[in-house]
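In what follows, a single structure is set out as structure tokens and then discussed.
What follows draws every value from the coordinates through simple rules; no lab data is involved. Here the structure is a predicted model, which means the values were calculated and not measured. Note that we place each Cβ from the backbone using ideal geometry, even for glycine, and neighbour counts take in every protein chain shown.
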Amino acid sequence: MHLLEYQGKALFSEAGIPIPIGEVVNSVEDAQTVFEKFSSGVAIKAQVHAGGRGRAGGVKLAYTEADVSQSARAILDLKIKGHIVKELLIEEIIDIEKEYYLSYIVNSASGTVSLMFSTAGGINIEDIAKNNPDDLLKLDIDDISLLREYEIRNFLRKANIRGKVLADVASIAYKLSQCFKKKDLMLAEINPLVVTKNEDVIAADAKVEVDNNSLYRHIEFETIPELIADVYEQRAKDIGISYVQMAGDIGIIASGAGLAMNSMDILESRGEKAANFLETRGGITAKLISDSVKLLLSNPLVRGILVNLYGGVNPMLEAAKGVIDGLNNNANNIPVVVKLLGNQQEAAWSILEEAGVSTVKTVSTERAVDLLLQKMKGMRMV
Ligand code: GDP
Ligand code: MN
């Protein structure tokens, strides 16, 4: 999951990394209001999930009210690589003396993390590597939690920076390594890492990618429901199910649209809300159900799961195997209730019960919902 610049900067700031003061707005009028607070000028930046905004006209500096209106309007009317611009980050202008590049990235193949730094920042990493390969320093790290600030400082000396700037960059790189570890990031890139005329070092941009498989550990990303929706709807497409993200906290897996709607209605009647609509259609396999269970478990919004299956054409024994396999990933012991009827139901029930899964064997979805709510209440009291 990619974060927008301002969301990435919020993580940096929480880790103690200096960022420019700013606010997010979605209209020209609100951009004006923020501008009034920063009399010397503002940077207006499109908040979209696409790189190369600067080049596409998505970053503009404005020094007068008229400038702000015109630039904010122009950026809100932009489409950057197919992404409509809905939000703008309005920041105080920073006085740029130099632009550096700093990042951590996971090498999926080796499981190591690379720290990269260049004094030739402000352009993208591919161009730095092409134009100034000697200016790009790289350090491979086996275990980022063991990385020490003095090691980073020694590494950075090769870039010919010294004094206060060296100390500040090393401190920022160290804080970024801690944030990287704590938030389960795949990528944390600051480009440019700005040195101002006063020799202050500030993260002027943020490109952050969170490991989707660790989302369940990060309740803090709950505040980003629209991102979660994007990620989950994409992953559901890959699994081959029909899925819509919703605002509640009870995950639903149903074998048909009618059953899913009915489950949602019953939840509503109990004052609860579904976290999603999920329909498997007619192609149930153990893997499809297992992947669906894992999908819901990885969603930090989900506090309980109802599996509601009817096997006309669908093989219920395979479905039960899939549920059991998926629940191997239930690290947080999220309450789960399975209601399953249809072909091979006895065999399915018996393996579910053997695996310790709460199983409802009647046609009553009400009963399954009430059992789930009861289990969730038990969890909440603990
Ligand atoms: P990107 O093109 O999407 O990577 O957007 P960036 O946030 O990196 O901004 C692109 C460029 O705009 C930076 O490299 C800076 O040169 C410039 N820029 C961004 N913010 C400011 C600012 O506050 N002040 C000044 N003077 N320039 C800025
Ligand atoms: Mn940038």
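Things worth noting here:
- Here, P(r) means the percent of Cα pairs in each 10 Å bin from 0 to the largest distance; for segment 147-227 it is 16, 42, 27, 14, 1.
- The chain - mean residue ellipticity at 222 nm from DSSP helices (-39,500 (n - 2.57) per run, n ≥ 4, rounded to 500): -12000 deg cm²/dmol
- Summing Cβ point charges (Lys, Arg +1; Asp, Glu -1) relative to the Cα centre of segment 243-306 gives a dipole of roughly 180 debye.
- Over 18 Å apart at the Cα level, from the set Lys98/Lys183; Lys158/Lys197; Lys207/Lys237; Lys321/Lys361, are Lys98/Lys183; Lys158/Lys197; Lys207/Lys237.
- Normalised by the number of residues in segment 1-103, the mean separation of alpha-carbon contacts (under 8 Å, six or more apart) gives a relative contact order of 35 percent.
- Here the Debye sum runs over all C-alpha atoms of segment 254-340 as equal scatterers in vacuum, and log10 of I(q)/I(0) at q = 0.19, 0.21 Å⁻¹ comes out as -0.82, -1.00.
- Antiparallel DSSP beta bridges within segment 142-288, as percent of all bridges there, nearest 5: 85 percent
- Full-stretch length increase - Lys197, Ser108 - with 0.36 nm per residue and alpha-carbon distance subtracted: 28.2 nm
- Backbone HN-Hα couplings from phi across segment 276-291 [Karplus 6.51/-1.76/1.60, Hz, Gly and Pro as x]: 6, 9, 9, 10, 7, 6, x, x, 5, 10, 4, 5, 4, 5, 4, 4
- Student exercise, the chain dipole from Lys, Arg, Asp, Glu Cβ charges, in Debye to nearest 20: 580 debye
- In order through segment 65-81: 3J(HN,Hα) via Karplus (6.51 cos²θ - 1.76 cosθ + 1.60), integer Hz, x for Gly, Pro: 4, 5, 4, 4, 4, 5, 6, 4, 4, 4, 6, 5, 8, 6, 10, 9, 6
- Kirkwood's formula applied to the C-alpha pairs of the chain gives a hydrodynamic radius of 23.4 angstrom.
- Sequence-ordered 3J(HN,Hα) estimates for segment 317-326 from the Karplus curve with 6.51, -1.76 and 1.60 and θ = phi - 60° stand at 5, 4, 4, 4, 4, x, 4, 4, 4, x Hz, glycine and proline given as x.
- The stretch between Ser27 and Ala347 holds 109.3 nm of extra length on full extension. This uses 0.36 nm per residue minus the Cα-Cα distance.
- At full extension, Glu65 and Gln178 could sit 36.7 nm farther apart than now, given 0.36 nm per residue minus the alpha carbon distance.
- In a DSSP loop and with at most 16 other Cβ atoms within 10 Å, the trypsin sites (Lys or Arg not before Pro) in segment 121-176 are Arg148, Lys158, Arg162.
- For segment 6-29 versus segment 336-382, the inter-centroid distance based on Cα atoms is 45 Å.
- Shape call, segment 84-185: gyration tensor on alpha carbons, a/c limit 1.5: rounded
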